[in-house]
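The values are calculated or read from the model by the stated rules, or taken from the named source; none is laboratory data. For clarity, every value in this text was computed on a predicted model and none was experimentally measured. Reconstructed Cβ throughout: ideal geometry from the backbone, glycine too, with neighbour counts over all protein chains shown. In case anyone asks, the SASA skips ligands and DNA or RNA and just uses the protein heavy atoms, side chains included. Shrake-Rupley method; radii C 1.70, N 1.55, O 1.52, S 1.80 Å.
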Amino acid sequence: MTVPMDPNEMMRSLHSGSAQIDYRKAGRLLREMEAQANVRVALMGNMTLEPLVPFLRVEAARVGQIAAFHVGPFGQYMQHLYGEPLRAFGPDVIVLLLSAEAMRPDALERFHQLPVEDRYGLRDDMIAEIAGWIDAALAQTSATVMIGNFPPSRSALGVADMMSEYGERQFNLDLNLALIQAVRARPRAMMLDVAEAVNRVGTRQAFDRRMHFLAGLGWSDAMKREFAALFGHALVGALGAARKCLVLDLDNSLWGGVVGEDGPHGVRIDRGDMVGDAYRAFQWRIKALKDRGIVLALCSKNNPADVEEIFRLRPDMPLAWSDFAATAIGWDAKHRGLERIAAQLNIGMDSLVFIDDNAAEIASVRHHCPDVHAVLLPCDPAEHVTLLDDLPWFEKSRLTAEDRAKTEHYALATRRAAVCASGDPMDWLRDLAMHATIRDACPADLLRVHQLFNKTNQFNLTTARPGMGEVEAMMADPDRQLIVATLRDRLGDLGLVAICGLRREGEALIIDHLLMSCRAMGRGLEDALMNDVKRRFLAADGCATLKGRYVPTAKNGPVSDFYDRQGFAALSLSRSDVALSHCDWIKLENDG
Amino acid sequence: MTIDALLALIGEIIETDPARIDPTMDREEIAGWDSLAHLRIVTAFEEAYGVRLSMEQIVEIRTVQQLSRMLEEV
């Protein structure tokens, strides 16, 4: 690839997914954009971390983030947490990378001579230090902290090591296991699986022992690239920046051959056929995305009857018709199909990833829909799973109950829409028998609230994108109130779908945040929520005025007249002219 | 390999006009050529020319001229 010379163009080209890049040049161009950074990343540890920065910068850009970097002084990862430089930098993300050998050099140099009890003690001691660091980092900053684990190394005892009680290999596995448990137990903490990244590169290629002795970082450039890619994935998870929907082509993408020509039994998707097995593995991997909360859709040039037939006649395929929340099958241009899918799911084009085996289709989609991330499948289906695994777009830092039920939610939405289309919308709303709970957010809501803040575009009055630490701070602040609404109806549970963030300012109550998941739009929940806020605060709580804020974005047009509809005067609304909206089709079940 | 190609590679890494790098000047004297830049230069050099230097060779290289001679030695 030729490197464009303009940093903005560089950013776009990375984001649109070109494969080969020159990290040195790209990193340098992107460094010029650091002033506009939207994510601030501090690196800390006991290795020389500066050489990682250009790689991390590029991989952050690849997932659409302009990152600013701060590298803590070598080895002083604990002290540095309390220092002014880190506070002044204000990290959104802190990455901690430790070398076990540099952490406990004396013990690890002569590990095999240590009494077994001391080896267990060494594990506990190292984990206690890291856990203490994480706790301090969480307390001192509002950053998400990412902790690298420890890659294994060959044992001084050779093949006998694994046959020895608590040998080096077992110690490494156990240390990483204890680290997982320590990290998992702490909110705002994530693991970076450095050990697995080393595996992907291959140990012989991942480490450069000369650089280890010369410079205190034994990672080869190949390893730096792999680690940076891992960081890009984690960043998508940490920022809640995952795309919502994977749209798939069918022929030669989900099976070998063309269903319209080869027929439902002629395409290659059979167990035991090598090509069929490769496509089956790909289908299973796609199906697993559903459990991460990624919605699946189909966009294929085919006769709809042929496609329905293959899904009906081939229940042995891992993917079933019911796995897809939206479909666009016909002979329209693919970008039209993608637009229909986005409209049907009520999400933006920038929430879509599109996969196709046809280079011309990919080029056309990139041209017509630059917001869609379009991915060309490699020719060999054996490579498909790796391609999917390498995409950073579907990463979540942790999964919530809403993630696991996502396709079901969209399927229900489609059924609801069908009910709606058949009659009077008011009858439809009543018929849904909605029940809402409007209550203060509690710590258990943290992940879902953070997720909703970071992915809601349309019904979002101010479109603030707080980090997890800032959400925690909102919950803890006595002058602020974070209210959430959950909704269910006779067709199913929609989960936690709306957030209202209030802040007291003298006699006034400011609505800092008001947002609602697109799957709850058009139900009147916003009326129920605002009524509740007006009742609770204007009537009872000594607040004279309720003030709403609206920050227009390219996406939140649907709520530009929200405050007008809610009876707010241009600037504010006071108790004397409170008007509640008519909303008797939702039954409130508030906790009090 | 010409010394010009090598100068271009180094100039790109230390973000300096290659014409302003004296091939006989000690790297300590050249702005931008600090110890980390030195390792980047060596890595890029190894990659470009398919060679591998020892730790000691890496440390001993003081000038562009010495680096270019490495190609004849390795």
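Of the conditions (1) surrounded by fewer than 20 Cβ atoms within 10 Å (Cβ to Cβ); (2) touching a strand residue (DSSP E or B) at 6+ places or on another chain (Cβ under 8 Å), A:Phe394 fails just one. Which one is it?
Of (1) surrounded by fewer than 20 Cβ atoms within 10 Å (Cβ to Cβ); (2) touching a strand residue (DSSP E or B) at 6+ places or on another chain (Cβ under 8 Å), only one is false for A:Phe394: (1).
I want to confirm something. Restricting to segment B:47-67 and keeping residues that are assigned to a helix (DSSP H, G or I) and open to solvent by less than 20 Å² (accessible area, probe 1.4 Å), which single residue is farthest from the other protein chains (Cβ to nearest Cβ)?
Per the stated criteria, the residue is B:Val64.
Just checking, which of A:Leu86, A:Leu43 is out of contact with any helix residue (DSSP H, G or I) (no Cβ under 6 Å at 6 or more places or on another chain) and modelled with pLDDT of 95 or more?
Details: A:Leu86 fails: out of contact with any helix residue (DSSP H, G or I) (no Cβ under 6 Å at 6 or more places or on another chain).
Step by step, each of A:Leu86, A:Leu43 is checked, and only A:Leu43 is out of contact with any helix residue (DSSP H, G or I) (no Cβ under 6 Å at 6 or more places or on another chain) and modelled with pLDDT of 95 or more.
So which residues in segment A:370-390 are in contact with a Lys or Arg (Cβ under 9 Å, 6 or more places away or on another chain) and not small (Gly, Ala, Ser), if there are any at all?
Taking segment A:370-390 first, the residues in contact with a Lys or Arg (Cβ under 9 Å, 6 or more places away or on another chain) are A:370, A:372-374, A:381, A:384-385, A:388-389.
Once the filter is applied, which keeps residues that are in contact with a Lys or Arg (Cβ under 9 Å, 6 or more places away or on another chain) and not small (Gly, Ala, Ser), segment A:370-390 yields A:Pro370, A:Val372, A:His373, A:Pro381, A:His384, A:Val385, A:Leu388, A:Asp389.
Filter segment A:33-54 for residues that are in contact (Cβ under 8 Å) with a residue 40 or more places away in the chain, more than 22 Å from A:Arg104 (Cα to Cα) and more than 14 Å from chain B (Cβ to nearest Cβ) and give the result.
Keep residues of segment A:33-54 that are in contact (Cβ under 8 Å) with a residue 40 or more places away in the chain, which gives A:39-49, A:51-52.
This time we only want the ones that are more than 22 Å from A:Arg104 (Cα to Cα), so: A:39-42, A:51-52.
Selection gives A:Val39, A:Arg40, A:Val41, A:Ala42.
If you go through segment A:299-306 one residue at a time, do you hit one that is closer than 28 Å to A:Asn556 by Cβ and touching a residue at least 24 places away in the same chain (Cβ under 8 Å)?
Taking segment A:299-306 first, the residues closer than 28 Å to A:Asn556 by Cβ are A:299.
Among the residues that remain, those that are also touching a residue at least 24 places away in the same chain (Cβ under 8 Å) are: A:299.
Within segment A:299-306 (the criterion being closer than 28 Å to A:Asn556 by Cβ and touching a residue at least 24 places away in the same chain (Cβ under 8 Å)), the answer is yes, since at least one residue qualifies.
Look at segment A:219-266 and say how many of its residues are within 14 Å of chain B (Cβ to nearest Cβ) and open to solvent by 10 Å² or more (accessible area, probe 1.4 Å). So that I can check it myself, show each step before the final result.
Of segment A:219-266, the ones within 14 Å of chain B (Cβ to nearest Cβ) are A:219-225.
When the remaining residues are screened for being open to solvent by 10 Å² or more (accessible area, probe 1.4 Å), the result is A:219-222, A:224-225.
The number of residues fulfilling the criteria is 6.
Looking at segment B:29-46, which of the residues that are in contact (Cβ under 8 Å) with a residue 12 or more places away in the chain and more than 13 Å from chain A (Cβ to nearest Cβ) is farthest from B:Leu7 (Cα to Cα)? Outline the logic, then answer.
So the first thing to find is which residues in segment B:29-46 are in contact (Cβ under 8 Å) with a residue 12 or more places away in the chain, and the list is B:30-33, B:37-42, B:44-45.
This time we only want the ones that are more than 13 Å from chain A (Cβ to nearest Cβ), so: B:30-31, B:33.
On the way: B:Ile30: 12, B:Ala31: 14, B:Trp33: 12 Å.
Checked segment B:29-46; the qualifying residue farthest from B:Leu7 (Cα to Cα) is B:Ala31.
In segment B:54-72, which residues are in contact (Cβ under 8 Å) with a residue 12 or more places away in the chain and not β-branched (Val, Ile, Thr)? If you could, list the steps in order and put the result at the bottom.
Within segment B:54-72, the first condition is being in contact (Cβ under 8 Å) with a residue 12 or more places away in the chain, and the residues that meet it are B:57-58, B:61-65, B:67-68, B:70-71.
The answer is B:Gln57, B:Arg62, B:Gln65, B:Leu67, B:Ser68, B:Met70, B:Leu71.
Looking only at segment B:1-24, how many residues end up being at negative phi, in contact (Cβ under 8 Å) with a residue 12 or more places away in the chain and within 14 Å of another protein chain (Cβ to nearest Cβ)?
5
I'm trying to understand the selection: among the residues of segment A:55-65, which are touching a residue at least 60 places away in the same chain (Cβ under 8 Å) and more than 14 Å from every other protein chain (Cβ to nearest Cβ)? Steps first, please.
If we filter segment A:55-65 for residues that are touching a residue at least 60 places away in the same chain (Cβ under 8 Å), which is where we start, we get A:55-56, A:58-60, A:62-65.
Matches in segment A:55-65: A:Leu56, A:Val58, A:Glu59, A:Ala60, A:Arg62, A:Val63, A:Gly64, A:Gln65.
Test of understanding: among A:Met475, A:Met468, which residue is open to solvent by less than 20 Å² (accessible area, probe 1.4 Å), of a type in the set (A, V, I, L, M, F, W, C) and more than 21 Å from A:Asn346 (Cα to Cα)? Quick ask: steps written out before the conclusion?
Working: A:Met475 fails: open to solvent by less than 20 Å² (accessible area, probe 1.4 Å).
Within the list A:Met475, A:Met468, the selection yields A:Met468.
Restricted to segment A:191-201, and to residues that are open to solvent by 20 Å² or more (accessible area, probe 1.4 Å) and not β-branched (Val, Ile, Thr), which residue is nearest to the other protein chains (Cβ to nearest Cβ)? Break it down into steps so the answer makes sense when it comes.
Within segment A:191-201, the subset open to solvent by 20 Å² or more (accessible area, probe 1.4 Å) is A:191, A:193, A:196, A:199-201.
Checking which are not β-branched (Val, Ile, Thr) leaves us with A:191, A:193, A:196, A:199-200.
Details: A:Met191: 28, A:Asp193: 25, A:Glu196: 24, A:Asn199: 22, A:Arg200: 20 Å.
Of everything passing the filter in segment A:191-201, A:Arg200 is nearest to the other protein chains (Cβ to nearest Cβ).
Take residues that are among the small types (Gly, Ala, Ser) and under 18 Å from A:Val247 (Cα atoms) and tell me which of the helices (runs of 4 or more DSSP H) falling wholly in segment A:264-345 contain 1 or more. Working first, answer last.
Working: elements: A:274-291, A:304-313, A:334-345.
Filter on segment A:264-345 gives A:274-291, A:334-345.
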